[in-house]
Amino acid sequence: MNPIELYQSFYCIYRERNLTKAGKILGLSQPALSLHLQSLERHRKEVLFRRTSRDLIPTDAAKRLYVQIAGPIEELERMEGQLKPQGTIRRLKVGSAKEIFLETILPKLSKSGEGFHVQYGHPPDLLDALEKKEIDLMISNQKLNVPGILLEELYKEKFVFVASKSISLEGDFPFRGQSKPKMEKIQTWMENQHWFVYSEDLAIVRRFWKVNFDSRPKLKEYSVLPNLHDIRTALEFGRGVSVLPTYLLGKKSTLYMNDRECHGFENQLYLVSREEDVDFLEENFQTFSNWMNA
């Protein structure tokens, strides 16, 4: 390992007296930074810190070393345009499905002033990017059971039945009457509508059908669109029905929504990271949770 990198890690640890805080500044996990410190102690053949339950106490050897290296390191940082070590901030690199990120996270993240890098995709592709360290966090709608991967329950998205406004005004619309229509009538009517779906396997519609009719859908007409935003646009400007998450249906939406006569369903989302980056996961989890549940 490069001794210069070890000295830089020591410098930051000495100033912060805490591995977690120093790791956030350097963009390193606590285990990685602990390894740096152990390597430097072996390299110099002397103990640099005494560990307590909360902090690191520098030894006399550490104090002597800090005096020797502080000046050169700070001069190098000035040459790189960094006034303080705290100016080195880890850029947030996150992967997610496009719709949920655009609607719930991006508006808040873009106001935070932090640098970030976003990659859109499906869970298998994002997991590959996570393992290759192209991203540090991912939002997944699948509960991944992969060695070296950690996840936290982040947000429950709710899907409901929606229809174009023109359809909700038609005479045979089953939800216009005062009394609750029979499920058999609702099912027959839905099978004869034009559906806008996310994929050819009807994944979202299949789950909706199972919850309400305990069977598989037999749709007569449907169109496939690559993302949920496109489906919402097709419903707003065209004529059809679908199942969409409620975060896409604001107060000003013109679409008809029903979660009373026909039941929606919830889908758990997870915030995922590499096991070595558990501190980074914990640091960002509450922020993401607050943004998405606001």
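The values are calculated or read from the model by the stated rules, or taken from the named source; none is laboratory data. In this text the structure is predicted, and so the values were computed from the model without any measurement. As a convention, Cβ positions derive from the backbone with ideal geometry for all residues, glycine included, and neighbour counts pool all protein chains shown. Ligands, DNA and RNA are stripped out before the accessible areas are found, and what is left, the full protein with its side chains, is counted by its heavy atoms. Shrake-Rupley method; radii C 1.70, N 1.55, O 1.52, S 1.80 Å.
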For this session: Collect the residues in the range 95-104 that are closer than 11 Å to MET138 by Cα, aliphatic (A, V, I, L, M) and touching a helix residue (DSSP H, G or I) at 6+ places or on another chain (Cβ under 8 Å), keeping them in residue-number order.
Result: none
Seminar exercise, completed: Reported set for the range 112-121 where residues are at pLDDT 90 or above and surrounded by fewer than 13 Cβ atoms within 10 Å (Cβ to Cβ) is HIS117
For this session: Could you list, in sequence order, all residues of the range 201-230 that are among the basic types (Lys, Arg) and assigned to a loop (DSSP other than H, G, I, E, B)?
Result: ARG216, LYS218, LYS220
For this session: Determine, yes or no, whether VAL272 is under 24 Å from PHE173 (Cβ atoms) and open to solvent by less than 80 Å² (accessible area, probe 1.4 Å).
Result: no
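To keep it simple, each residue is scored yes or no on (1) outside the structural domain of ARG17 (by the TED database); (2) part of a strand (DSSP E or B); (3) among the hydrophobic types (A, V, I, L, M, F, W, C).
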| position | (1), (2), (3) |
| --- | --- |
| SER53 | no, no, no |
| GLY71 | no, no, no |
| VAL118 | yes, yes, yes |
| LEU130 | yes, no, yes |
| GLU134 | yes, no, no |
| PHE161 | yes, yes, yes |
Problem set entry | Residues satisfying the stated conditions in the range 243-269, i.e. open to solvent by 10 Å² or more (accessible area, probe 1.4 Å) and in contact with a helix residue (DSSP H, G or I) (Cβ under 6 Å, 6 or more places away or on another chain) | TYR247, THR254, LEU255, TYR256, HIS263, PHE265
For this session: Mind listing whichever residues of the range 270-294 are free of Cβ contacts under 8 Å to residues at least 12 places away in the same chain, within 22 Å of GLU103 (Cα to Cα) and over 11 Å from the mean Cα position of the chain (by Cα)?
Result: GLN286, ASN290
Seminar exercise, completed: Checked LEU109, LEU102, LEU151 against criteria (over 24 Å from LEU248 (Cα atoms) and surrounded by 12 or more Cβ atoms within 10 Å (Cβ to Cβ)); the one match is LEU151
For this session: Would you mind finding the one in ALA234, ALA203 that is within 29 Å of the chain's Cα centre (by Cα) and open to solvent by 30 Å² or more (accessible area, probe 1.4 Å)?
Result: ALA203
Problem set entry | The listed residue being small (Gly, Ala, Ser) and without any contact (Cβ under 8 Å) to a residue 24 or more places away in the chain, out of GLY171, GLY238 | GLY171
Seminar exercise, completed: Contact list, first residue from the range 17-37 and among the basic types (Lys, Arg), second anywhere and open to solvent by less than 50 Å² (accessible area, probe 1.4 Å) and not in a helix (DSSP H, G or I), beta-carbon distance below 6 Å, six or more apart or interchain, is ARG17/LEU56
For this session: Can you give me the number of residues within the range 38-57 that are in contact (Cβ under 8 Å) with a residue 40 or more places away in the chain and within 38 Å of the chain's Cα centre (by Cα)?
Result: 2
Problem set entry | Sole residue being surrounded by fewer than 19 Cβ atoms within 10 Å (Cβ to Cβ) and modelled with pLDDT under 85, chosen from GLU74, GLU41 | GLU74
